[in-house]
Amino acid sequence: MSLLKILEFPDPKLRQRASEVTVFDNTLKTTCEDMLETMYNAKGIGLAAIQVNILKRIIVIDLSENKNNPLIFINPEIIKFSDDTKQHGEGCLSVPGIYENVTRPNSFIGKFSDVDGDDHQLEADGLLSVCLQHEIDHLNGRVFVDHLSRLKQEKIIRKLQKEKRRSLAEA
Ligand code: GNR
Ligand code: NI
């Protein structure tokens with residue numbers, strides 16, 4: 001098991017589109033375990049492979065209180081969004097310290113493969129719906145701040161730059 005380095009917005013690497021997983025082997029299982037370890041270590045509820053510079057369509061999530069319910073979604077696809085939308089506060093391990101409301105479809109029907117390559121359908125609502133939409137955005141090169149106004153995006157970039165300068169000055 002190893003901890004992976006999480007890329008931070010506005011790193012252009014986060015803007016790439018991740019490619020489909022085609023080989024379901026032990027390397028994939030190891031990647032998923034490393035991603036889960038990295039997510040738990042960073043106190044996140046989800047992580048997309050692109051955030052750790054792996055350009056594959058892999059997502060790990062754990063929404064449980066005791067952090068004992070790891071979920072793995074390979075090649076996830078949204079089949080149909082609900083018409084109703086919902087606003088939810090979102091944060092991102094690649095945008096540290098920022099928490100903003102985002103409006104998204106309330107629920108969706110989708111499909112994914114598990115780590116063995118078997119296909120599953122799902123109906124996601126609540127926090128799973130929010131988190132999976134956030135993670136699928138990552139796989140398509142999008143970050144949750146893309147859903148915010150230009151003004152808010154510019155403020156966030158300035159705040160992150162300021163914090164970076166501060167942490168460099170301390171070191
Ligand atoms: O840890 C995370 N919390 C979170 C809260 C609300 C909506 C989405 C998320 S995902 C985020 C981890 C992360 O950055 N995943 O890409
Ligand atoms: Ni994120």
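The set of residues from region 1-54 being among the small types (Gly, Ala, Ser), touching a helix residue (DSSP H, G or I) at 6+ places or on another chain (Cβ under 7 Å) and farther than 19 Å from Ile136 by Cα comprises just one member, Ser2.
Of all residue pairs spaced 6 or more apart or on separate chains, those with beta-carbon atoms under 9 Å, a first member in region 12-41 that is assigned to a helix (DSSP H, G or I) and a second member that is among the aliphatic types (A, V, I, L, M) and modelled with pLDDT under 95 are Thr30/Met1; Glu33/Met1; Asp34/Met1; Leu36/Met1; Glu37/Met1.
Inclusion of Val115 among residues that are of a type in the set (Val, Ile, Thr) and either at pLDDT below 95 or within 16 Å of ligand 2 (Cβ to nearest atom) (or both) is not warranted.
Of all residue pairs spaced 6 or more apart or on separate chains, none has beta-carbon atoms under 7 Å together with a first member in region 127-146 that is of a type in the set (S, T, N, Q) and modelled with pLDDT of 95 or more and a second member that is in a helix (DSSP H, G or I) and more than 9 Å from ligand 1 (Cβ to nearest atom). The set of residues in region 112-156 that are in contact with an Asp or Glu (Cβ under 9 Å, 6 or more places away or on another chain) and within 22 Å of Thr22 (Cα to Cα) comprises Phe112, Ser113, His120, Ile136, Asp137.
Conditions (1) surrounded by 14 or more Cβ atoms within 10 Å (Cβ to Cβ); (2) in a loop (DSSP other than H, G, I, E, B); (3) more than 12 Å from ligand 2 (Cβ to nearest atom), marked per residue:
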position	(1), (2), (3)
Glu65	no, yes, yes
Ile74	yes, no, yes
Ile79	no, no, yes
Lys86	yes, no, yes
Val95	yes, yes, no
Arg104	yes, no, yes
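Look at region 44-63: where a residue is within 15 Å of Leu128 (Cβ to Cβ) and charged (D, E, K, R) and a partner is more than 9 Å from ligand 1 (Cβ to nearest atom) and assigned to a strand (DSSP E or B), sitting 6+ places away or on another chain with Cβ atoms under 7 Å, you get Asp62/Leu71.
Applying the condition of being within 14 Å of ligand 1 (Cβ to nearest atom) and acidic (Asp, Glu) to region 126-171 and asking which residue is surrounded by the most Cβ atoms within 10 Å (Cβ to Cβ) yields Glu135.
The values are calculated or read from the model by the stated rules, or taken from the named source; none is laboratory data. A quick note: this is a predicted structure, and the numbers were derived from the prediction, not measured. For neighbour counting, all protein chains shown are included, and Cβ atoms are generated from backbone atoms with ideal geometry for every residue, glycine included.
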